[in-house]
1. Modelled label-to-label distance, residue 171 and residue 120, 7 Å Cα→beta-carbon offset: nm?
2. For the chain, what's the relative contact order in percent, using C-alpha pairs closer than 8 Å and at least 6 residues apart?
3. Count of lysine pairs in the chain with Cα atoms under 20 Å apart, counting only pairs 8 or more residues apart in sequence or on different chains?
4. Which one, 148, 136, 114, is farthest towards the positive end of the dipole of the chain when Lys and Arg carry +1 and Asp and Glu -1 on their Cβ?
5. What is the Cα coordinate range of region 124-183 on the first, second and third principal axes, sorted by size from largest, in whole angstrom?
6. Dipole of the chain (Lys/Arg Cβ +1, Asp/Glu Cβ -1, origin at the Cα centre): which of 57, 92, 23 lies farthest to the positive side?
7. Tell me, what is the FRET efficiency for residue 146 and residue 104 to the nearest 0.05, using R0 = 41 angstrom and their Cβ-Cβ distance as r?
8. In degrees between 0 and 90, to the nearest 10, how far off the longest principal axis of the chain does helix 3-13 point, with axes built from Cα atoms?
Amino acid sequence: MHGAGRGRCFGRKLGWHDKRWQAFGEKLEAILAERSRLADLWLHPDHPEVTQVDSVISKGVNALDLLRRPEMDYAHLMQVQSFAPPVPLPTFVTEQIEIEVKYAGYVDRQRDEVSRTIKLETQALPDELDYAQIHGLSNEVRAKLAAQRPSTIGQAGRIAGVTPAAISLLLVHLKRRTLLAASA
């Protein structure tokens, strides 16, 4: 769900009045409808209006993919007559679409990173783990880990002085240990 949709859900939980809720729903519907419309509009290299776009088109591309390009904005995209909406859209619709499309890659990467972090947060550390055997850890980190005996990677990462590099070394050691156990 995109930012506007999440806001709608939170707004309802906060007790927005029905008129406000309805207005927000209408805005969200307008944004979703325009995104869908743009996804269905294609520009091919042999299209007569391809010259309206100051961007190289080597194969067919839809309007949303064109909008993702750094040099393209919504107003410029609408210079292609066949892309223009049947009725002018409010600025909030065009701005929201442009923001979502331009930043979708960053948001997706952050979402993936959060998922990986959550997975690592709960990854167990064996009770018998000998931190002295992990090559590359500083003596300080070894001592802290041995003294506190964290049960998960997440707990280890929250120990003062345990760096992200030390966590990476722990993960490599655990992976190597798992591979050795599987091959034995």
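1. According to this spin-label approximation, the distance is 0.3 nm.
2. Reported relative contact order: 14 percent.
3. Close lysine pairs found across the chain: 4.
4. Checked the options; the winner is 148.
5. Largest to smallest, the principal-axis extents are 35, 21, 17 Å.
6. The Cα lying farthest towards the positive end belongs to 23.
7. My answer for the efficiency is 0.40.
8. Between the helix axis and the principal axis of the chain, the angle is about 80 degrees.
Read-outs throughout are calculated quantities, based only on the coordinates presented, and are distinct from any laboratory measurement. Everything numeric here is computed off the predicted structure, so don't read it as measured data. Methodologically, a virtual Cβ is constructed for each residue, glycine included, from the backbone with ideal geometry; neighbour enumeration extends over all protein chains shown.
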